[in-house]
Amino acid sequence: MIRSEVPKIIHIDMDAFFASVEQRDHPELRGKPVAVGGSRKRGVVAAASYEARRFGVRSAMPSVTARRKCPQLIFVRPRFEAYKAVSRQIHAVFRRYTDCIEPLSLDEAYLDVTENKPGIELATELAERIRAEIRAETGLTASAGVSYNKFLAKVASDVNKPDGLFVIPPQRAQAFIDRLPIERFHGVGKATARRMRALGIENGANLRQTPLDELLRHFGKAGQYFHAVARGEDPRPVRSERQRKSLGAESTFEEDLCEMDALQQRLSDIAEEVAARLQRQDLQGRCLTLKIKFADFTQITRARSFDSPLWQSNRLRLEGLRLLRENFRPGMCIRLLGLTLSRLSPVDDETEASLRQLELGL
């Protein structure tokens with residue numbers, strides 16, 4: 001293996017992943033604007049093809065808004081098992097080059113190739129090989145960013161999308177960061193960007209020139225992060241064994257639900273799904289969060305912590321319903337419900353014993 005003093009990090013991001021899988025598997029969709037997720041009238045866009053993005057369609061956009069922006073938009077229901085199968089192919093390619101892989105989602109990951117299995121010195125060459133093998137084995141394109149830390153690698157992967165590669169070496173990093181618009185900094189959303197612009201922070205150079213105490217005053221703990229990355233500093237390692245922080249499920253309804261009986265049934269289904277996911281991953285949790293999106297698209301979350309861990313579907317359902325009843329009033333109409341369990345930990349011996357008793361009917 002090749003060892004370098006300077007870390008070599010690659011960020012791989014598949015291009016319009018869900019939509020690209022659908023276009024690959026359904027040739028009639030190629031070259032057309034495609035949205036995965038929801039339906040024409042309800043739900044939200046989970047992914048949009050690049051043809052749809054040209055009309056302003058984006059992920060997490062309400063389907064009705066997407067349809068208004070692009071009347072010829074083709075909606076496709078998601079096939080998560082298909083996406084997971086392709087993701088496994090992609091990760092098999094990664095493992096040929098390094099075992100230090102930090103997945104961010106099905107279609108995105110950091111790779112630390114400072115030490116790499118083929119013994120290739122240039123991270124750029126490794127990124128090109130990985131992209132080529134992904135294309136050859138899946139028929140899909142990936143974009144890659146290469147740099148010496150995670151922040152810069154992630155920013156770089158977005159520069160030449162789709163099907164692109166961009167490298168930020170240490171000697172060019174500060175000049176690149178100084179020119180970077182503030183919205184392009186990972187961790188700066190729309191609201192934070194507005195606050196920064198109100199302070200005169202338009203780009204990386206402005207951010208670097210802002211004193212740390214001012215950043216901390218306006219942005220709290222995130223100010224330390226902004227101060228560091230504006231100088232090209234990001235000490236976070238690529239963690240191949242990331243601990244999951246939360247696990248959940250949600251459902252957007254075909255029609256707004258205004259009756260408690262119907263809402264209870266949908267929430268019960270969601271609790272069953274969360275419990276199944278917990279069991280597959282041998283996890284339990286102590287904080288349950290209910291998410292409610294109303295008919296007017298306003299949204300609330302309500303959380304409750306517990307002394308004993310939650311993992312059974314009936315208890316998840318019971319506690320979720322309690323939160324729902326506490327926040328539901330006659331006349332309310334709801335378009336989405338979700339349950340998320342956090343403060344996760346591996347299933348302990350006591351929980352395993354309880355599971356075995358349930359399986360035996362005791």
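A short reminder: the numbers here are calculations on the coordinates, not readings from a lab. None of the values given here were measured: they were computed from a predicted structure. No Cβ is skipped: glycine too gets one built from the backbone with ideal geometry, and neighbour counts run over all protein chains shown.
Summary of values
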{"quantity": "For the range 246-360, average projected area of the Cα convex hull in nm²", "calculated": "7.2 nm²"}
{"quantity": "Contact order normalised by residue count of the range 193-344, Cα under 8 Å, 6+ apart, percent", "calculated": "29 percent"}
{"quantity": "Packing-based ranking, highest mean first, of 168-176, 323-331 given that Cβ atoms within 10 Å are counted", "calculated": "168-176, 323-331"}
{"quantity": "Long-range HN-HN contacts of Ile74 with modeled amide H, under 5 Å", "calculated": "Val34, Ala35"}
{"quantity": "Ranked packing of 114-121, 187-194, 270-277, most packed first, by mean Cβ within 10 Å", "calculated": "270-277, 114-121, 187-194"}
{"quantity": "Interchain or long-range residues, amide H under 5 Å from Asn203's placed H", "calculated": "Ile182"}
{"quantity": "The chain, helix-only ellipticity at 222 nm - DSSP H runs n ≥ 4, -39,500 (n - 2.57), divided by all residues, nearest 500", "calculated": "-12500 deg cm²/dmol"}
{"quantity": "Percent RCO, i.e. relative contact order, over the chain, from Cα pairs under 8 Å lying at least 6 residues apart", "calculated": "14 percent"}
{"quantity": "Residue-by-residue Karplus 3J(HN,Hα) for the range 198-214, coefficients 6.51, -1.76, 1.60, Hz, glycine and proline x", "calculated": "5, 8, x, 9, 9, 8, x, 5, 4, 5, 5, 7, 7, x, 4, 5, 5"}
{"quantity": "Ordering of 124-135, 22-33 by packing [mean C-beta count within 10 Å, highest first]", "calculated": "124-135, 22-33"}
{"quantity": "Value of Rg to Rh for the range 1-137 (Rh from inverse mean 1/r over Cα pairs, i.e. Kirkwood)", "calculated": "1.08"}
{"quantity": "For Leu310, distant residues with modelled amide H under 5 Å away", "calculated": "Gly285, Arg286"}
{"quantity": "In order through the range 216-224: 3J(HN,Hα) via Karplus (6.51 cos²θ - 1.76 cosθ + 1.60), integer Hz, x for Gly, Pro", "calculated": "5, 5, 8, 10, x, 4, 4, x, 5"}
{"quantity": "Table column - 3J(HN,Hα) (Hz), the range 173-182, Karplus curve with 6.51, -1.76, 1.60, x for Gly and Pro", "calculated": "5, 5, 5, 5, 4, 4, 7, 6, x, 4"}
